[in-house]
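Enquirer: My questions will all concern the structure given below.
The values are calculated or read from the model by the stated rules, or taken from the named source; none is laboratory data. Values in this document were obtained by computation on a predicted structure and should not be read as measured data. Surface accessibility is based on the protein's heavy atoms, side chains included, excluding ligands, DNA and RNA. Shrake-Rupley method; radii C 1.70, N 1.55, O 1.52, S 1.80 Å.
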Amino acid sequence: MSTTEVKKAPKEGLFSKKNRKLITDPLNDSNPVTVQVLGICSALAVTVQVKNAFVMAASVTAVTILGNVLMSLMRNIVPNRIRIIVQLVVVAALVIIVDQTLKAFVYDVSKQLSVFVGLIITNCIIMGRIEAFALGNKPWPSVLDGLGNGLGYGIVLMTLGVVRELFGSGKLWGAQVLPESWIYSVNNPDGWYVLNNFIILPPMALMLVGLYIWIQRARNTKLIES
Amino acid sequence: MNKDSNAYTIIFAFVMCVVVGTALVLVAQLLKPFQDANILNDKKQNILAALQIKTDLKGAEAKFNEHVKEAIILNAKGEAIDPATLGGDPIKAALDINALTEFKDKKPEERKYPLFVCEKESKTYFVMPVGGLGLWAGIWGYVSVEADMNTVAGASFDHKSETPGLGAEITTDFFEGQFPGKKLNDETGNFVSIRVVKPGTPQTEHTVDGISGGTFTSKGVDEMLTRCLSVYSVYFKSMSNSVTATN
């Protein structure tokens, strides 16, 4: 076999193994919330109800993807000294656009989430991914990285949302799941389940995140520190 | 050009601000008509909800035109303002009044109180907007009474940023559903209002249960109802007096 022949590097496929890893890694091995410990604040605030958690996760994913793409396209012309401000302006503009669009086309949802949508700006995942990934990579991998991290954030939010809404309010996505007759109240003293009011408060959400991290680390050997 | 020079940095920052600013202005202007329509329809939807008429955002306008017959605007003393001074359609003028900004931005004696006269199944109802403060920001709502100007027919509430799952529960059927059948006045005809009390307190026809964990929001609803409804009660009293007088 001739060794002089220089093989042309094959063009990397859109979903090559490396690119697929950009999506799957943040779901577990480098999850933004439980491993990178980013975006904890909003994970505690918006997970009282599954619906809020879902729309928040979708909005964050959209902003992460768009922010990553824009910054990746601009990565060669952004002056290094003001790059953080530039990221901030881009992310803030995207969040305003998302907020305004929700208000114009899905008014009901935006009414429920108005404060939280504004808070996407403060979500560390977005700035963190731009700074750590988009500024050094091409647009397509940046899209995948944004998508992966958005989904990784979404998984944690949805898990917390399901647990908190189910045990805190007996509902899922606003629909009664635990029958009213099971739930103890003044009017229904025969109910055997007392709604856990503690679980809908933010401190309990932090404990649930802790439990999530514990279970994740126990199952995923890569995360066990020596 | 040197990417690290001061000139490049300043020019870059300037261009970026202009581009982003222009983009945001364009988006805001393009979406504004949609947003304004949503806000108006949302208001109509809430007024209808106080009449126990369920509708979605799109159907709100037609139903509103069908049920709302007339609007009267009261001053802070509970006297009707001459419709001729309102300029144009009183219903539109009444819709333009925002109970929350009246409360937040105006002195008590300058506030205006719109009253919607509605008809459902050929019965007359009055819908009263109310506005006040919850825990984090404004809360507002609509309370409807039957033709006797005393029995509550329904109520709907909304909020800007109360805590989901806690204070925000004032918008749920559980809370709003307690209002129908409650009375504004006691047996002698004196105004009592509807009080929001601690959950579990024995109920009278003047009280509803507050939200567990949403104490401040519940207190805000209580304060808002008493303050706003007292103005309407003055008008109702003068109306029922004039009815007895003409009889």
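Enquirer: Rounded to whole Hz and in sequence order, give me ³J(HN,Hα) for segment B:195-204 from the Karplus expression 6.51 cos²θ - 1.76 cosθ + 1.60, θ = phi - 60°, writing x for Gly and Pro.
Expert: Per-residue couplings from phi come out as 9, 9, 10, 4, x, x, 5, x, 8, 10 Hz.
Enquirer: Next question. By its C-alpha gyration tensor, with a ≥ b ≥ c as the square roots of the eigenvalues, how is segment A:85-226 shaped: rounded for a/c under 1.5, else prolate for a/b larger than b/c, else oblate?
Expert: In terms of gyration-tensor shape, oblate.
Enquirer: Taking H placed 1.01 Å from N in the peptide plane, check which residues at least 5 places from B:ASN185 or on another chain put their amide H under 5 Å from its amide H.
Expert: B:VAL192
Enquirer: Take the solvent-accessible surface of the protein heavy atoms, probe 1.4 Å, and return the percent of it on chain B that carbon and sulfur atoms account for.
Expert: Ligands and nucleic acids excluded, carbon and sulfur give 59 percent.
Enquirer: Taking the solvent-accessible surface of protein heavy atoms with a 1.4 Å probe, what is the per residue accessible area of segment A:69-226 in Å²? List each step's numbers first, then the result.
Expert: On the way: 8170 Å² over 158 residues.
Per residue, segment A:69-226 has an accessible area of 52 Å².
Enquirer: A follow-up question, please. Using a ≥ b ≥ c from the Cα gyration tensor of segment B:1-94 (square roots of the eigenvalues), is it rounded, prolate or oblate, where a/c under 1.5 gives rounded and otherwise the larger of a/b and b/c decides, a/b for prolate?
Expert: Verdict is prolate for segment B:1-94.
Enquirer: Please list the helices of chain A that count as membrane-span-like by this rule: a mean Kyte-Doolittle hydropathy of at least 1.6 together with Cα atoms stretching 20 Å or more along the helix axis, each helix being a complete DSSP H run. Please list the in-between numbers first.
Expert: Details: long enough: A:50-73 (34 Å, 1.52); A:83-105 (33 Å, 1.88); A:139-169 (42 Å, 0.75); A:202-219 (26 Å, 0.76).
Those that pass (Cα extent of 20 Å or more, hydropathy at least 1.6) are A:83-105.
Enquirer: For A:GLY191, enumerate residues with amide H under 5 Å from its amide H, sequence gap 5+ or separate chain, H modeled in the peptide plane.
Expert: Correct list: A:SER185.
Enquirer: When the expected Rg is taken as 2.2 N^0.38 Å, what fraction or multiple of it is the alpha-carbon Rg of the protein assembly as shown?
Expert: Taking N as the residue count of the protein assembly as shown, the ratio is 1.22.
Enquirer: Mind checking the per residue accessible area of segment B:50-140 for me, 1.4 Å probe, whole number of Å²?
Expert: On the way: 4900 Å² over 91 residues.
I get 54 Å² per residue for segment B:50-140.
Enquirer: Quick one: grab the alpha carbon gyration tensor of segment B:122-178, order the square roots of its eigenvalues as a ≥ b ≥ c, and give me rounded if a/c is under 1.5, else prolate or oblate depending on whether a/b is larger than b/c. Spell out each step's value before the answer.
Expert: On the way: a/c = 3.61, a/b = 2.09, b/c = 1.73.
It is prolate, given that a/c is not under 1.5 and a/b is the larger ratio.
Enquirer: Just the number, please: carbon plus sulfur as a percent of the accessible area of chain A, 1.4 Å probe, no ligands or DNA/RNA counted.
Expert: Numbers: 8110 of 12010 Å².
Looking at chain A in its full context, I get 67 percent from C and S.
Enquirer: Taking amide hydrogens as modeled 1.01 Å from N in the peptide plane, which residues meet the under 5 Å criterion relative to B:ARG195, leaving out close sequence neighbours?
Expert: B:THR207, B:VAL208
Enquirer: Here is a further query. For the pair B and A, how large is the buried accessible area, both sides, in square angstrom to the nearest 100, if the probe is 1.4 Å?
Expert: The summed interface area works out to 2400 Å².
Enquirer: List, in the order given, every pair from A:LYS103/A:LYS171; B:LYS44/B:LYS237; B:LYS54/B:LYS107; A:LYS51/B:LYS107 whose Cα-Cα distance in the structure shown is over 32 Å.
Expert: Long pairs (Cα-Cα over 32 Å): B:LYS54/B:LYS107; A:LYS51/B:LYS107.
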